[in-house]
1. Eigenvalues of the Cα gyration tensor times 5, then square-rooted: what semi-axes does that give for region 80-179, in whole angstrom, largest first?
2. For Arg64 and His163 in the same chain, what is the full-extension length gain: residue separation times 0.36 nm, less their Cα-Cα distance, in nm?
Amino acid sequence: MAGRRRRAAARRRQAARWKVVAAGGGLVLVLLVVFWSAVWPYITGALVLGSVGATGWWLWHTDRLARGRDRLWRQEEAVKAGHRTLAEVDAMTGTEFEDLVATLCRRDGCTEVRRVGGANDNGADVVGRLPDGRTMVIQCKRYAPSSSIASRELRDLLGAKVHFGADLAVFVTTTRFSRPSERFAVQHGILAVHRDHLGMWNNGASLQSLSKVNGRGQGDSRHQARWKRAYGR
């Protein structure tokens, strides 16, 4: 019995609220009709502003979705590039390897990156600017893994650094550095990217992060023995 009374009271309160809403709506409609000549500019302005706001939001939302899809596409392309094996890199031509290095630089946020390798390249294959603004010059050597980089090639890179007025010299190779050339690189501030570091870079590590392991990563004597068994020397 008490429950029925409560439900009946709730229905009466709801009906009363609807009456108030209807009365308020009717009053607003009457006022609009009576004062239409005075209020229509404001109503029109509100509708125009609302339309402009809705259009602006739609454009912003569409642009945000497009940028999100673009970022996703770039991330997927970077992942695909990272899946490239060093065996595939070994099969590249020298020009293709230089293009790969330039692509990895751009992936890491480097700007003004361009390939300059070829005849009369003045000892450089790729030049550009690091994300922090420093200029760089890169020498690329796609050698067989069984070979090694001699110190004289690093001296040539130092000459290219002076010629281009670069802040950083980078030597990227598909093989390893000899012990003297590795020491030479560290002593003269050259970032020496050997085969192991190239694998890290190719698989997502940034170029700048490789500076933290410069002069290391070619392994101990057991690593060198495995290297010689794998690559024939």
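1. Semi-axes (√(5λ), whole Å): 20, 18, 12.
2. The span from Arg64 to His163 would gain 31.3 nm if fully extended.
Readers should treat all values here as calculations from the given coordinates under stated rules, not as data from a laboratory. Just so we're clear, the structure is a prediction, and the values are computed from it rather than from any experiment.
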